[in-house]
Amino acid sequence: MRHALILAVCFLVATLTIPDNAWAQGTPAARAGAVTITHQSETIAFPSGIDFTLAGNADFTVTRIELFCRVATQQTEHLALVPMPVPGKSIRLTYRLDLQANFMPAGIDLSCFWRFHGERQQQADSARWTVRWYDNRYDWSSIQTQDATIHYHGISSAFAQNIATSTQTSIDSLQTLYGLAKVAPIQVWIYPNTTDFAGARQQNSREAVAGLSYPEFALTTAIIPDGNAQELGRVMPHEVSHQILYQATHNPWNAPPVWLDEGLAEYAQTAGTDGFLQSVQTAAQSGQLLGLAGLTLSFPFAPDTAYLAYAESFSAVSYIAQTYGEAGLTRLVRELATGVPYDTAFQRALGRTMEELEANWRAWIAKEAIAAGDGGVSQGGASGRIRTARVVD
C-alpha cells in the first residue's frame, strides 16, 4: 500500500486548490452578498462522519450552498454540494459529511468554510473554522513532545510517557540520519487493543494490522497494549520511520520504492525482526524469493507472502547498511528526494542501478547462508508479530 493511495480518500464531490481569500479569481462575475450566521454546530458521528447544523439569514435569495473543507495542514480544498430544499433568504439545514464511504482517517483537523450562491450571481463566504475529526467513542489523554503529540486511552500515563519518549527518540535519530533541518509535527493515536482499533479502520480493509501511517497527513494510528515494551519497540520506530522518510523525500514526481520504505522502517525497529534473515535465506535456497523489483510499487496481500516481502525488505536495507554504511542510506534518501528515476538515484548514491543492487544483494544472501552454516542467520531485535498492511509509500 503506497501513501499515494491516500489521494483516493478525497471525501467530497470535487477537489480544488484554492488559496485563502482568492476565490474571486475563479468567479469574476460574482457579486458580493451578505449572510449572517445565527447558529452553527458540528457533531461527530463516528465512524460515519460529521453532522453540520447551520442557521442564518442572507440579504439575497440563496439557491446553492457549498461546504469547502481541507485537512488543516494542506492546501487542497474539497468541495461538497449541500442539498438546499427550498431557495430563500432564510437558511436552515443539517448536513452529514460522509467520511466512511469516502474514507478519511480519524485524528485530523479539518479547516472549513461555507459558500452561499444567489440567483443573481451573488456570493458570500463564511469565516473559516476548524473541526477535529476523531474517534469520540473514547476519552483521550495527550502527551506532547518537541515534534509529536501522543493521544492515548486505555493505557497508563507512565506507559504513555514511554511511548512519547520512544516516538521523539525515533524522530531525532531519523532526522539526524536524513539530515532534515526541521520536522513537521506528527499526530499519534494509540489504541490499547485490536477491538478498539478495528472500529477506526476503513471498512473492508485488512484486519491484520498493528499500525497505519498517513504521512501526507502527518498522522499515525497504532495498537500498543498497556505495558507491552516489545510492541512499543516494534511499532513506534517503524511508524515514525514512514513519517520521517516521507518528509525527507517528498517531491512532485515519485516516492521511494515500497521495499525501501518498509525495509527502513523494519531496520529502525528495536524489536520484531528476529527470523527475517533466516526466512529470506530459506526462500533464496528454495528459489522462492519475491525479489526487490516486484516489491517496488506494492506488497502482496496474502499474509505469508506479505511476511516474506517485509523480511526481504529488511534484508535488503541491512545489506545496504552493511555494504555502504548508514552514510549510504543517507545518500540514497537525499537522491530520492530530488525526484530523479530510481536507477539514477541508486547509481548516484551507491554506484549501482537497482538491478545491479538486487544481484549483489542476492549474492550476499547466499554468502551469509554459507558463512552461517545450516543454522542460517537470525539478526535483529526480539521476535514479534509482523503487520501485514500499512497505508504508506
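At a glance:
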{"read-out": "Residue list for the stretch 294-314, filter: in contact (Cβ under 8 Å) with a residue 24 or more places away in the chain, among the small types (Gly, Ala, Ser) and either closer than 20 Å to residue 178 by Cα or loosely packed, with under 14 Cβ neighbours inside 10 Å (or both)", "value": "298, 313"}
{"read-out": "Count of the stretch 237-247 residues which are polar (S, T, N, Q) and crowded, with 23+ Cβ neighbours inside 10 Å", "value": "2"}
{"read-out": "Those helices (runs of 4 or more DSSP H) lying entirely in the stretch 254-348 with at least 3 residues within 27 Å of residue 236 (Cβ to Cβ) and more than 25 Å from the chain's Cα centre (by Cα)", "value": "276-285, 303-336"}
{"read-out": "Candidates 200, 184, 148 - the one that is at pLDDT below 95 and under 15 Å from the mean Cα position of the chain (by Cα)", "value": "200"}
{"read-out": "The stretch 25-43 residues that are modelled with pLDDT under 95, paired with ones that are in a loop (DSSP other than H, G, I, E, B) and not β-branched (Val, Ile, Thr) (beta carbon under 8 Å, 6 or more apart)", "value": "29/121; 30/121; 31/120; 31/121"}
{"read-out": "Criterion: out of contact with any strand residue (DSSP E or B) (no Cβ under 7 Å at 6 or more places or on another chain) and closer than 19 Å to residue 109 by Cβ - qualifying residue of 249, 220, 145", "value": "145"}
{"read-out": "Cross-chain or 6+ apart pairs with Cβ under 8 Å, the stretch 265-285 first and under 24 Å from residue 243 (Cα atoms), then among the basic types (Lys, Arg)", "value": "269/234; 270/234; 271/234; 272/234; 272/385"}
{"read-out": "Pair list, Cβ < 7 Å and 6+ apart or interchain, from the stretch 329-349 residues that are free of Cβ contacts under 8 Å to residues at least 60 places away in the same chain to residues that are outside any helix (DSSP H, G or I)", "value": "343/353; 346/352; 346/353; 347/353"}
{"read-out": "Candidate set: the stretch 69-87, residues that are surrounded by 14 or more Cβ atoms within 10 Å (Cβ to Cβ) and more than 24 Å from residue 186 (Cα to Cα); chosen: the one farthest from the chain's Cα centre (by Cα)", "value": "84"}
{"read-out": "Residue in the stretch 107-120 that is part of a loop (DSSP other than H, G, I, E, B) and at pLDDT 95 or above present", "value": "yes"}
{"read-out": "Per-region count, the stretch 30-60, residues over 35 Å from the mean Cα position of the chain (by Cα) and among the hydrophobic types (A, V, I, L, M, F, W, C)", "value": "8"}
{"read-out": "Residue within the stretch 162-173 that is among the aliphatic types (A, V, I, L, M) and more than 16 Å from residue 225 (Cα to Cα) present", "value": "yes"}
{"read-out": "Tabulated pairs, the stretch 208-235, first closer than 11 Å to residue 166 by Cβ, second among the acidic types (Asp, Glu) and modelled with pLDDT of 95 or more, C-beta under 8 angstrom, 6+ apart or interchain", "value": "224/231"}
{"read-out": "Given (1) modelled with pLDDT of 95 or more; (2) crowded, with 24+ Cβ neighbours inside 10 Å, index of the condition residue 250 fails", "value": "(2)"}
{"read-out": "Matching residues, the stretch 88-101, being surrounded by fewer than 20 Cβ atoms within 10 Å (Cβ to Cβ) and under 24 Å from residue 138 (Cβ atoms)", "value": "96, 98, 100, 101"}
{"read-out": "Of residues in the stretch 349-393 being within 30 Å of residue 202 (Cβ to Cβ) and either of a type in the set (Lys, Arg) or not in a loop (DSSP other than H, G, I, E, B) (or both), the one modelled with the lowest pLDDT", "value": "385"}
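The values are calculated or read from the model by the stated rules, or taken from the named source; none is laboratory data. Everything numeric in this text was worked out from a predicted model, so none of it was measured. Please note: Cβ atoms are built from the backbone with ideal geometry, for glycine as well, and neighbour counts cover all protein chains shown.
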